[in-house]
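J.: Here it is: the structure, laid out below.
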Amino acid sequence: MNGGMQLRRDYLRNLPLFGGVSLDACMQLAQCINPVEINDGTAVYKAGETGDSLYILFSGHVHLEQEQVILNELSSGAHLGDLEFFDMAPRSFTVRAKGPCEVWRIPYQAFDDLRRSDLKNFALIAMNAARQMSRRLREIDAERVDRSTTS
């Protein structure tokens, strides 16, 4: 195994999305990673596009935008594109680089291949993604409550 592949495998394994996932499963996904350098202000993907990949933000920061309104800022270690992975709907947000960044594109096909070969580890990733989405929803709910009580 070369050093770059081991770095990718280990980086994935240490992200919450891949918590508890085996080294072999992380290696299977790491082999499918396409690293992409994104310039400041450039979209990683745009709202309305068809999703075909999950993205890992390896370095830098991105904004999640909807109709040119910044909804959130994410930094290294975040994953993007999980909603579309589950519901197969078009992208909900535009994700735009805030400064230079590197994202790792993992095609949804790589996850489907993992599902076919290792259902247990695929299920762990799906559960981890559901937990992350649940946390995000709770944060949004808390922000709404805060805004309504301070208005």
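J.: Looking for whichever is assigned to a loop (DSSP other than H, G, I, E, B) and modelled with pLDDT of 95 or more here; the options are G51, G99. Which one fits?
T.: It is G99.
J.: Moving on. Here are the criteria: (1) modelled with pLDDT of 95 or more; (2) farther than 18 Å from Q28 by Cβ. Tell me which single one R116 does not satisfy.
T.: Failing condition for R116: (2).
J.: Residues of region 51-66 being touching a Ser or Thr at 6+ places or on another chain (Cβ under 9 Å) and aromatic (F, W, Y), which ones?
T.: Of everything in region 51-66, just one residue is touching a Ser or Thr at 6+ places or on another chain (Cβ under 9 Å) and aromatic (F, W, Y), namely F58.
J.: Among the candidates L83, L29, which residue alone is of a type in the set (A, V, I, L, M, F, W, C), in contact (Cβ under 8 Å) with a residue 60 or more places away in the chain and not in a strand (DSSP E or B)?
T.: Criteria check complete, one pass: L29.
Residues checked against (1) polar (S, T, N, Q); (2) surrounded by fewer than 17 Cβ atoms within 10 Å (Cβ to Cβ):
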| position | (1), (2) |
| --- | --- |
| G3 | no, yes |
| F18 | no, no |
| S22 | yes, yes |
| I33 | no, no |
| E37 | no, yes |
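The values are calculated or read from the model by the stated rules, or taken from the named source; none is laboratory data. Note that the structure is predicted; figures quoted are calculated from it, not measured. Every residue, glycine among them, receives a Cβ derived from its backbone with ideal geometry; neighbour counts consider all protein chains shown.
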